[in-house]
Amino acid sequence: FIRSPSGVDSTPIARRMALLASLAFSELDQGIVEVHELIGRMTGKLIIGSLPLARTKLIPESVSELLKHYPEIQVSIVDGPYDELLHSLLHSRIDIIVGALRNPPPVKEITQDHLFNAPLSVVVRSGHPLLKRKHLNIEDLTTLDWVAPKQGTPARERFTKIFLNQGLEPPKQVIECSSSVAVRGLLLVNDRAALMSTTQMQPEIDAKLLAPLPIDLRASRPIGITLRKGWKATSAQNHYLKILRDLAKTG
């Protein structure tokens, strides 16, 4: 251990040893599950890291389908910021991350499997004045008040590029928010707008609480599966990966 401004911290070598120990214990757990499978006990567990664009449809549908075939498997769904989920994945505290992919991958210890692209839309409350317009352009969007992703994130860079690519100044007076629940609340109580996938807010759109503006941004986010390199899935986990890929193909 070493002293640090915040107290006592582990050395880089100790942190590396802790990581390897965590991975070793995880492999032992996987091995026990595989032995159970050989004698016909299809148990085990699946821990899914859930990112916003996969929470409303892809993960619920895929987990429900998995449990039809493996009713005894223990499924846990963990949501949180990407960096936290990635740290848990690398330490084998979760098995997979489902949601938006990063380009390029942030670390070399992971692999990414692209499933589909989720188109992005400008989402506002139902009854928003701009919904009455049949045709909108990017210039119209500069008049809006925005709820935008946090600075320094890929989502914020994507938001900024939509305006820069058209030679326009990106909005500066925005509410920064990374919580889809909070974004939903902000959109419902005023005329602000947010750049989101309609899939992410589909329940609110179906309930006619929110609506996408009639403009094609020609922008999307790649959605897929993130795995730790060298991870060997059990039969149930492999079946879940197949379900995800099949759902992506059928839409």
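Of the residues making up the range 189-202, not a single one is more than 23 Å from ASN137 (Cα to Cα) and of a type in the set (Gly, Ala, Ser). All conditions but one from (1) out of contact with any helix residue (DSSP H, G or I) (no Cβ under 7 Å at 6 or more places or on another chain); (2) within 30 Å of ALA118 (Cα to Cα) apply to GLU65; the one that does not is (1). The residue that is least open to solvent (accessible area, probe 1.4 Å), among those in the range 103-144 that are polar (S, T, N, Q) and in contact (Cβ under 8 Å) with a residue 12 or more places away in the chain, is SER121.
Within the range 1-60, the residues that satisfy the criterion of being loosely packed, with under 11 Cβ neighbours inside 10 Å and either under 25 Å from GLY99 (Cβ atoms) or in contact with a strand residue (DSSP E or B) (Cβ under 6 Å, 6 or more places away or on another chain) (or both) are PHE1, ILE2, THR11. Looking only at residues in the range 195-239 that are closer than 19 Å to LEU23 by Cβ and among the basic types (Lys, Arg), the one that is most open to solvent (accessible area, probe 1.4 Å) is LYS232. The set of residues in the range 151-178 being open to solvent by 70 Å² or more (accessible area, probe 1.4 Å) and hydroxyl-bearing (Ser, Thr, Tyr) consists of SER178 alone.
Regarding the range 214-229, can at least one residue be identified that is of a type outside the set (Gly, Ala, Ser) and free of Cβ contacts under 8 Å to residues at least 24 places away in the same chain?
Going residue by residue through the range 214-229, those that are of a type outside the set (Gly, Ala, Ser) are 214-218, 221-223, 225-229.
Filter again for free of Cβ contacts under 8 Å to residues at least 24 places away in the same chain, leaving 216, 218.
The answer is yes, given that some residue of the range 214-229 is of a type outside the set (Gly, Ala, Ser) and free of Cβ contacts under 8 Å to residues at least 24 places away in the same chain.
The values are calculated or read from the model by the stated rules, or taken from the named source; none is laboratory data. All of these numbers come straight from a predicted model, not from anything done at the bench. All Cβ positions, even for glycine, are placed from backbone atoms using ideal geometry, and neighbour counts span all protein chains on display. With ligands, DNA and RNA removed, areas are computed over all heavy atoms of the protein, side chains included. Shrake-Rupley method; radii C 1.70, N 1.55, O 1.52, S 1.80 Å.
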